[in-house]
Amino acid sequence: MTAYKNPWVTLNSEVKFESPWIKVVKHDVLNPAGKPGLYGVVNFKNLAIGVLPLDEQYNTWLVGQWRYPLNAYHWEIPEGGGPLGIDPLESAKRELKEETGIEASHWQELCRLSLSNSATDEVAFVYVARQLKFGESEPEESEDLTVKKLPFTEAYQMVTDGVITDAISVAAILKTKILIDKGEL
């Protein structure tokens, strides 16, 4: 394996904003050409978690909600945050139950994602949940959710039609489609 050298030099760093979820840091740097510059990084205080529930008939569940930063309503797989230092699978189980009321006895990691690696350190863990059991959802007070059951093929079509644009959802649905087509799900 080839070793890669970091061409960036950090001269100074300063926290410009911090909340319970993120920290924004301004870095004075020397860029790869050796010239001075600025780099802003958003550090996330949680992992991003995504779960695609899939029953034996290949139905799935999407969550609809208003996304404040985009000022628009979005359909997504169940998602949320998981504390750093906690097994991401435990956070996935909690998120699925919280948002949909679904619990699963079989879990498979689909992928890990760097969500916007030019400006953030946010990492996502994405799972498919099988062998489902249904109960009551327990959304957080900041969530006004609509849960929709649909055939997986419709969720896939929503991705190809550009209706689902959330990165975690797109990656999960496309990876699941590949695994279904290969007979691995």
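In the stretch 117-169, how many are charged (D, E, K, R) and either under 27 Å from ILE22 (Cα atoms) or modelled with pLDDT under 95 (or both)?
Count: 9.
Let me confirm something: among VAL42, VAL126, which residue is within 18 Å of ILE164 (Cα to Cα) and touching a residue at least 40 places away in the same chain (Cβ under 8 Å)?
Being within 18 Å of ILE164 (Cα to Cα) and touching a residue at least 40 places away in the same chain (Cβ under 8 Å) holds for just one of VAL42, VAL126, which is VAL126.
Taking THR60 as the residue in question, decide whether it is under 30 Å from ALA155 (Cβ atoms), of a type in the set (S, T, N, Q) and out of contact with any Cys (no Cβ under 9 Å at 6 or more places or on another chain).
Yes.
May I ask you to say which residue of SER169, SER142, SER91 is part of a loop (DSSP other than H, G, I, E, B) and out of contact with any Ser or Thr (no Cβ under 9 Å at 6 or more places or on another chain)?
SER142 is the lone residue from the list that is part of a loop (DSSP other than H, G, I, E, B) and out of contact with any Ser or Thr (no Cβ under 9 Å at 6 or more places or on another chain).
Among the numbered criteria (1) more than 14 Å from the chain's Cα centre (by Cα); (2) among the aliphatic types (A, V, I, L, M); (3) within 30 Å of ALA155 (Cα to Cα), which one does ALA3 miss?
Going through (1) more than 14 Å from the chain's Cα centre (by Cα); (2) among the aliphatic types (A, V, I, L, M); (3) within 30 Å of ALA155 (Cα to Cα) one by one, ALA3 breaks only (3).
Restricting to the stretch 129-176, and then to whatever is free of Cβ contacts under 8 Å to residues at least 24 places away in the same chain and among the small types (Gly, Ala, Ser), can you tell me which residue is nearest to CYS111 (Cα to Cα)?
Residue satisfying both the conditions and the ranking: GLY162.
When you scan the stretch 11-53, how many residues do you find that are more than 29 Å from the chain's Cα centre (by Cα), surrounded by 12 or more Cβ atoms within 10 Å (Cβ to Cβ) and assigned to a strand (DSSP E or B)?
4
Out of THR100, THR146, THR153, which single residue is surrounded by 18 or more Cβ atoms within 10 Å (Cβ to Cβ), closer than 17 Å to ASN59 by Cα and not hydrophobic (A, V, I, L, M, F, W, C)?
Just a single option satisfies the conditions, and that option is THR100.
Of these, VAL41, VAL15, which one is touching a His at 6+ places or on another chain (Cβ under 9 Å) and either modelled with pLDDT under 95 or among the aliphatic types (A, V, I, L, M) (or both)?
Step by step, each of VAL41, VAL15 is checked, and only VAL41 is touching a His at 6+ places or on another chain (Cβ under 9 Å) and either modelled with pLDDT under 95 or among the aliphatic types (A, V, I, L, M) (or both).
If you go through the stretch 62-85 one residue at a time, how many are over 22 Å from ILE164 (Cα atoms) and touching a residue at least 24 places away in the same chain (Cβ under 8 Å)?
Within the stretch 62-85, residues that are over 22 Å from ILE164 (Cα atoms) and touching a residue at least 24 places away in the same chain (Cβ under 8 Å) number 3.
Which residue is farthest from PHE44 (Cα to Cα), if the candidates are limited to the stretch 113-123 and must be touching a residue at least 12 places away in the same chain (Cβ under 8 Å) and assigned to a strand (DSSP E or B)?
LEU113
If THR60 passes every condition in (1) of a type in the set (S, T, N, Q); (2) part of a strand (DSSP E or B); (3) closer than 24 Å to LYS23 by Cα but one, which one does it miss?
With respect to (1) of a type in the set (S, T, N, Q); (2) part of a strand (DSSP E or B); (3) closer than 24 Å to LYS23 by Cα, THR60 is out only on (3).
The values are calculated or read from the model by the stated rules, or taken from the named source; none is laboratory data. Remember, predicted model here, so these are calculated numbers, not experimental data. Please note: Cβ atoms are built from the backbone with ideal geometry, for glycine as well, and neighbour counts cover all protein chains shown.
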